[in-house]
Amino acid sequence: MFKCLFPQRVRTLQRFDIKKVRRILLRNPAAFGDVLYTLRLATALKKRYPYIEIGLVVGSWVRPLVEISR
């Protein structure tokens, strides 16, 4: 019924073992609200998976907020 216009871009999600994940990088929160949601996500991930190292890529304008929330 539907035809894929770009078949090379379609990827299927494969299952992966979360226990093998050691680091996660969260990036590109562009606005203040995005940063707040990203911090909540990082906190929830760290609580659920304490062995995972989480990094954030943020602008210099919000760096003090991110450092305080560690």
Karplus (6.51, -1.76, 1.60) ³J(HN,Hα), θ = phi - 60°, over segment 56-70, in Hz, Gly and Pro reported as x: 10, 9, 9, x, 5, 5, 10, 4, x, 5, 5, 5, 5, 7, 4
Those chymotrypsin sites (Phe, Trp or Tyr not before Pro) in segment 36-70 that DSSP places in a loop and that have at most 16 other beta carbons within 10 Å: TYR51
Under 5 Å, built H, 5+ apart or other chain: amide partners of ILE24: GLU53, ILE54, GLY55
Distance in nm between pseudo-label sites at LEU41 and SER69 (7 Å out along the Cβ direction from Cα): 1.1 nm
Which of SER60, SER69 is most accessible, then next, and so on - probe 1.4 Å: SER60, SER69
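The values are calculated or read from the model by the stated rules, or taken from the named source; none is laboratory data. Nothing here was measured: the structure is a model prediction, and the numbers come from that model. In this analysis, Cβ positions are derived from the backbone assuming ideal geometry, glycine residues included, and neighbour counts consider all displayed protein chains. Surface accessibility is based on the protein's heavy atoms, side chains included, excluding ligands, DNA and RNA. Shrake-Rupley method; radii C 1.70, N 1.55, O 1.52, S 1.80 Å.
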